[in-house]
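Have a look at the structure below before the remarks.
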Amino acid sequence: MSAQRKSGMAKGNDDGDANQHCPKGLPPSSSSGKLMKKETESSQLPWDALDIISNKLDFDDLFQFAGVCKNWRTFHKFFWKNFMSSQAPLLVQSSSYAKKAYFFISISERKVYRANVDYFWGLAYSGSSCGYLIHAGADNTLLLMNPFTRRKKLISTLALEGNLQYISCQPLLAFVKGSEEFILVVLCKRSYSLHIYQSRHSCWVTYSTRGNPWKVVDFVVLNNTLYALTDEAKIGVLSLNSACLKFLALKNTPSVTSSYLKLVSNDGQLLVVHFEPKETFDVYKIDLSAMEWIRLETLGDLALFYATRTNCYALSNPGKWGYDSNSVYYIVAALPECQVYSGDNKLKYCIVPSGLRAPSRSSFYWLDWCFRHQHNEVDYSMVE
């Protein structure tokens, strides 16, 4: 990857539109800026022309696109959703010494984007969800920042009274259907304590403490409903109206107990993955109509993106983005490469991104896969 770009991602206001700063080539806001704004507002371009312009811009320039004028901003809102849905997953990488910089790596485009993120300094990376990078701090806070839209959310964890250990939590962000509200599900991996924050009530609810009454190891959103998976391969629906987990009565549940089980939501399907490189690779489809587990002999036209510290993701038709079908793209923090395994759990090859230069006294380590287009939505009416 020879093309390294600096995106200079700025701090955004809480939940605000982060594209309000001056685009490249325009002066800062002033009396002359007001005149320029008036001129740009009066010279609107047709959307087909804006489409041509936007398709010629690189990743970084698109951040500045919406700041030109109202006409461009309106188009950007329409364009951005389609643009994000067409993007391949990015590798998220940082360094062990200079943690103020994050790198987003596009394997298919052979590009490396650098984001200067001073606001993450001193925070521990927890995961990526709905395009947000989620960090936890020792000061009892969780910072959610979307580096692609520059929106951020700050949540206090003081109410959890130490149940949430910031250096080892797994989060999932979802927005409430038809509103600006959101929920955040957080699992403390050391104690397997499960908590859900609801912006509707601005409070946390504890569902499980230290693995009791059940030890949840993963969770996803499917069809506006929040599903959870335990280490004993039990699947249930997490209620948003009460602190309970209603287990599904499923047939053919495999006899397995493991903390490495992953729950995956993809194209309306619910999958369970049990993957340990060169040792175990079992994938099951949960048929919710027949209420049974179905073991898959092959992934078919599907690729899995597995991060040991966080989640497992799935991508249909991966060839469209330059990835192999029936394969697992596996990253470990301490390894310099992305390992690619076949459907029979054999190492096919390794991908070593180039174009990165670690700061002195530092080395890179992988954090996660980031699916920018992902947008989880939950529906309170789905679960009583």
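What to note about this one:
- Matching residues, the stretch 166-202, being more than 20 Å from ARG151 (Cα to Cα) and among the charged types (D, E, K, R): LYS189, ARG190
- Checked against the criterion of being in contact with a strand residue (DSSP E or B) (Cβ under 7 Å, 6 or more places away or on another chain), within 25 Å of VAL176 (Cβ to Cβ) and open to solvent by 10 Å² or more (accessible area, probe 1.4 Å), the candidates PHE247, PHE219 yield just one match: PHE247.
- Any chance ASP301 is touching a Pro at 6+ places or on another chain (Cβ under 9 Å), open to solvent by 50 Å² or more (accessible area, probe 1.4 Å) and not aromatic (Phe, Trp, Tyr): yes
- Only a single criterion out of (1) open to solvent by 30 Å² or more (accessible area, probe 1.4 Å); (2) at pLDDT below 65; (3) among the hydrophobic types (A, V, I, L, M, F, W, C) is not satisfied by LEU62, namely (1).
- Count - residues of the stretch 192-247 that are assigned to a strand (DSSP E or B), over 25 Å from ASN266 (Cβ atoms) and in contact with a Ser or Thr (Cβ under 8 Å, 6 or more places away or on another chain): 6
- For first residues located in the stretch 255-283 and closer than 13 Å to ALA303 by Cα, partners that are assigned to a loop (DSSP other than H, G, I, E, B) and among the β-branched types (Val, Ile, Thr) and lie 6+ apart or on another chain with Cβ distances below 9 Å form the pairs VAL283/THR298.
- Leading residue by the ranking (most open to solvent (accessible area, probe 1.4 Å)) among those in the stretch 337-352 that are under 22 Å from HIS274 (Cβ atoms) and outside any strand (DSSP E or B): LYS346
- Residues that are assigned to a strand (DSSP E or B) and more than 23 Å from the chain's Cα centre (by Cα) were ranked within the stretch 262-290; the one that is surrounded by the most Cβ atoms within 10 Å (Cβ to Cβ) is PHE281.
- Looking only at the stretch 291-336, and only at residues there that are charged (D, E, K, R) and not in a helix (DSSP H, G or I), the one that is farthest from LYS251 (Cα to Cα): ASP324
- Residues in the stretch 147-186 that are at pLDDT below 80, among the polar types (S, T, N, Q) and surrounded by 16 or more Cβ atoms within 10 Å (Cβ to Cβ): THR149, ASN163, GLN165.
The values are calculated or read from the model by the stated rules, or taken from the named source; none is laboratory data. Everything quoted here is computed from the prediction, not taken from an experiment. Cβ sites come from the backbone with ideal geometry, for glycine too, and all protein chains shown count toward neighbours. Quick note on the areas: whole protein, heavy atoms, side chains included, nothing else; ligands and nucleic acids left out. Shrake-Rupley method; radii C 1.70, N 1.55, O 1.52, S 1.80 Å.
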